[in-house]
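The values are calculated or read from the model by the stated rules, or taken from the named source; none is laboratory data. Every value quoted in this text rests on a predicted model; they were computed, and no experiment measured them. With ideal geometry, Cβ positions are generated from the backbone for all residues, glycine too; neighbour counts draw on all protein chains shown. What goes into the accessible areas is simple: the full protein's heavy atoms, side chains included, and nothing from ligands, DNA or RNA. Shrake-Rupley method; radii C 1.70, N 1.55, O 1.52, S 1.80 Å.
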Amino acid sequence: MTATTPAAAPGYRARRTLPLRVEARRQLRRRRTLVIAAILVLLPFVLVTAFAIGGDPGTRTPGRINLMATATASGANLAATALFVSAGFLLVVPVALFCGDTVASEASWASLRYLLAAPVPRARLLLSKLTVALVFSAAAIALLPLVALAVGTAAYGWGPLQLPTGGALDPGDAVLRLAVVAGYVFVSQLVTAALAFWLSTVTDAPLGAVGGAVGLTIVGNVLDQVTALGGWRAALPAHWQYAWADALQPRVEWTGMIQGASVSVSYALVLTALAFRGFARKDVVS
């Protein structure tokens with residue numbers, strides 16, 4: 001099916017096609033959404049169990065102050081630790097899955113052409129699917145620290161956040177800092193989201209789009225470890241993925257997070273533009 005402008009019809013309004021609530025309901029009912037939610041909810045319980053079996057992590061690293069060493073100090077510390085152990089890979093998966101599966105799955109089910117024949121304008125279809133995918137991605141990233149904070153508070157108590165650099169933040173400030181961390185993690189994942197979404201518009205294989213986005217993200221992480229690249233590493237989104245650690249200091253340092261967010265958003269805008277431009281000209285036959 002080639003891109004055509006639908007004929008006007010009485011009562012037809014392009015903005016009313018494929019409402020966000022309809023797309024959100026469809027995505028919420030899918031099994032993979034429930035599986036992702038279950039994994040993110042279980043991770044804090046796994047960490048608490050691991051610390052219970054292995055003992056206090058701080059006793060195994062005397063004299064060393066880091067997130068893992070202070071994970072059992074309070075619920076806030078467990079939430080920070082959960083973000084630390086998952087930001088590099090685990091949280092990449094749901095973002096890539098929500099954004100990479102959204103259009104390609106319709107093509108694999110041979111339902112994409114029927115959506116366009118409804119008629120749903122192509123830009124409207126992509127915008128609805130991308131918006132819902134980003135909302136679900138943000139929800140996944142927020143779910144982990146929220147559950148970890150609740151589980152950690154039940155296991156270790158409601159107390160100050162012990163900072164990796166020394167010192168502590170009172171619980172109220174700790175919650176605000178964790179919100180900043182989660183927000184930055186989401187922004188840093190926008191490049192993965194946009195990459196997965198672009199791949200989803202050029203392939204009929206959902207696993208190809210998801211796997212491609214995850215694979216290229218891993219490649220970026222590997223390249224960031226190549227010190228021979230020097231200053232070129234600053235152009236890699238992976239170089240800034242842990243810039244949120246600057247929020248876990250007595251005084252927040254914003255420079256690294258601003259630079260990381262700028263790099264991620266820049267890549268995301270380019271990849272999203274490619275997705276919309278390519279899909280507008282694509283011959284949809286499935």
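Please compute the per residue accessible area over segment 94-193 with all protein chains in place, 1.4 Å probe, rounded to a whole number of Å².
Here the per-residue accessible area is 35 Å².
Quick one: with all protein chains in place, what share of the accessible area of segment 126-188 is carbon or sulfur, to the nearest percent (1.4 Å probe)?
Accessible surface attributable to carbon and sulfur in segment 126-188 totals 75 percent.
By how many nm would the segment from VAL270 to THR227 lengthen if fully extended, with 0.36 nm per residue of separation less the alpha-carbon distance?
12.8 nm
Given axes a ≥ b ≥ c from the Cα gyration tensor, I'd like to know whether segment 82-206 is rounded (a/c under 1.5), prolate (a/b larger than b/c) or oblate.
The shape class here is prolate.
What full-extension length gain, to one decimal in nm, is calculated for LEU20 and THR131 as 0.36 nm per residue of separation minus the Cα-Cα distance?
Roughly 39.2 nm would be gained on extension.
What is the Cα coordinate range of segment 216-286 on the first, second and third principal axes, sorted by size from largest, in whole angstrom?
Principal-axis extents of the Cα atoms in segment 216-286, largest first: 55, 29, 20 Å.
Can you give me the accessible area per residue for segment 16-55, using a 1.4 Å probe, in Å²? Intermediate results must be reported in sequence, preceding the final value.
Working: 2590 Å² over 40 residues.
Each residue of segment 16-55 exposes 65 Å² on average to a 1.4 Å probe.
With Cβ to Cβ distances under 12 Å as the rule, what net charge do the other residues near LEU163 carry (K, R +1; D, E -1)?
Charge balance near LEU163 sits at -1.
Once the piece of chain linking VAL35 and ALA52 is laid out straight, how much longer is it, given 0.36 nm per residue of separation minus the C-alpha distance between them?
3.6 nm
Taking a quarter of the surface of the convex hull around the Cα atoms of segment 161-247, what do you get in nm²?
7.3 nm²
Applying the Karplus parametrisation 6.51 cos²θ - 1.76 cosθ + 1.60 with θ = phi - 60° to the phi angles of segment 85-95, what ³J(HN,Hα) value in whole Hz is obtained for each residue in order, glycine and proline being reported as x?
Whole-Hz 3J(HN,Hα) from phi for segment 85-95: 7, 10, 5, x, 9, 4, 6, 5, 4, x, 5.
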